[in-house]
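Visitor: Mind having a look at this structure? Questions to follow.
The values are calculated or read from the model by the stated rules, or taken from the named source; none is laboratory data. Quantities reported herein were computed from a predicted structural model and do not represent experimental measurements. In this analysis, Cβ positions are derived from the backbone assuming ideal geometry, glycine residues included, and neighbour counts consider all displayed protein chains. What goes into the accessible areas is simple: the full protein's heavy atoms, side chains included, and nothing from ligands, DNA or RNA. Shrake-Rupley method; radii C 1.70, N 1.55, O 1.52, S 1.80 Å.
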Amino acid sequence: MITDIHPSWRNILEEESGKPYFAALMTFIENAYSSSVVFPPRPKIFEAFNKTPFDDVKVVILGQDPYHEPGQAQGLSFYVPENVKPPPSLKNIAKELGKMPDLMSWADQGVLLLNATLTVEAHKAGSHQKKGWETFTDAAIKALAERRQNLVFILWGAYAQKKGEFIDRSRHLVIESAHPSPLSAHRGFFGSRPFERANEYLAQNSLRTIKW
């Protein structure tokens, strides 16, 4: 399945895909898609990597796992198609931004919209956690943190912040706040200005800013 990933990421993650845990993960995924309803659609599992090649990444927004209701998950964290009702977290991102965002455009501009877990069973949030995806996505984040310079990592909520603990703050900007979920958005997400702060940092480092 690693062949489904953009060549720039395949080169980075090829060693990871040869490890025993990844083989076990792929067996689990094969069985899951053949025996139950799983999101995102199978061709979209690695969509985040395919939409935003390794060398194009400027910003990383880390989610937890895909949306688990029909029509929502498309392989990009927080994104749903235009004809799908925005989930509450996406609505709160829109409130902070001042408009409904075009996340597909973000990905095209270098925003890696990466979930820690890349698949989920329908109606069962977190159902594919601790199967190996977290190790795989950790490897992707570590590669960015170690091989690139002056990236912005936007970590919303304790889960994302823990996953990004190893990022060198002297090489990159790490923006942390509460998660945009309705349960926590009023405890530090609203007013945190992640999009403005990201662009300020990119501009300071002579990098093209994101049209949020």
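Visitor: Of (1) over 19 Å from Thr137 (Cα atoms); (2) open to solvent by less than 10 Å² (accessible area, probe 1.4 Å); (3) assigned to a loop (DSSP other than H, G, I, E, B); (4) not acidic (Asp, Glu), Ile93 satisfies all except one. Which?
Guide: That leaves (3) as the condition not met.
Visitor: Please go through region 12-32 and pick out each residue that is in a helix (DSSP H, G or I) and without any contact (Cβ under 8 Å) to a residue 12 or more places away in the chain.
Guide: Looking only at region 12-32, we keep the residues that are in a helix (DSSP H, G or I), and these are 12-17, 20-32.
Hits for region 12-32 are Glu15, Pro20, Ala23, Thr27, Glu30, Asn31.
Visitor: Collect the residues in region 168-190 that are in contact (Cβ under 8 Å) with a residue 60 or more places away in the chain and either open to solvent by 40 Å² or more (accessible area, probe 1.4 Å) or on the phi > 0 side of the Ramachandran plot (or both), keeping them in residue-number order.
Guide: Initial filter on region 168-190 (in contact (Cβ under 8 Å) with a residue 60 or more places away in the chain): 179-182, 185, 189-190.
Within region 168-190, His179, Pro182, Phe190 meet the criteria.
Visitor: What residue, among those in region 179-195 that are under 19 Å from the mean Cα position of the chain (by Cα) and not in a loop (DSSP other than H, G, I, E, B), is nearest to Pro88 (Cα to Cα)?
Guide: Ranking the qualifying residues of region 179-195, first place goes to Ala185.
Visitor: Separate question: Would region 66-84 turn up any residue that is touching a residue at least 12 places away in the same chain (Cβ under 8 Å), surrounded by 14 or more Cβ atoms within 10 Å (Cβ to Cβ), in contact with a His (Cβ under 8 Å, 6 or more places away or on another chain) and under 30 Å from Glu146 (Cβ atoms)?
Guide: No: zero hits.
Visitor: Cβ-Cβ below 9 Å, separation at least six or inter-chain, first residue in region 33-52 and touching a residue at least 24 places away in the same chain (Cβ under 8 Å), second part of a helix (DSSP H, G or I) and polar (S, T, N, Q): which pairs?
Guide: Lys44/Asn50; Phe49/Ser8; Thr52/Gln109
Visitor: Only residues in region 118-130 that are assigned to a loop (DSSP other than H, G, I, E, B) count as the first member; pair them with residues that are open to solvent by 70 Å² or more (accessible area, probe 1.4 Å) and at pLDDT 95 or above, Cβ under 6 angstrom, at least 6 apart or cross-chain, and list the lot.
Guide: Ala122/Val37
Visitor: Also: Taking region 37-54 as the region of interest, how many residues are open to solvent by 40 Å² or more (accessible area, probe 1.4 Å), out of contact with any helix residue (DSSP H, G or I) (no Cβ under 6 Å at 6 or more places or on another chain) and either part of a helix (DSSP H, G or I) or not hydrophobic (A, V, I, L, M, F, W, C) (or both)? Full working, then the answer.
Guide: Pass one, region 37-54, residues open to solvent by 40 Å² or more (accessible area, probe 1.4 Å): 37, 41-44, 50-51.
The next check asks that each one be out of contact with any helix residue (DSSP H, G or I) (no Cβ under 6 Å at 6 or more places or on another chain); those that pass are 37, 41, 43-44, 50.
Subsequent filtering for residues that are either part of a helix (DSSP H, G or I) or not hydrophobic (A, V, I, L, M, F, W, C) (or both) retains 41, 43-44, 50.
The total comes to 4.
Visitor: Which residue out of Trp212, Trp106 is of a type in the set (Phe, Trp, Tyr), part of a loop (DSSP other than H, G, I, E, B) and buried (at least 16 other Cβ atoms within 10 Å of the Cβ)? Walk me through it before giving the result.
Guide: Numbers: Trp106 fails: part of a loop (DSSP other than H, G, I, E, B).
After applying the criteria, what remains is Trp212.
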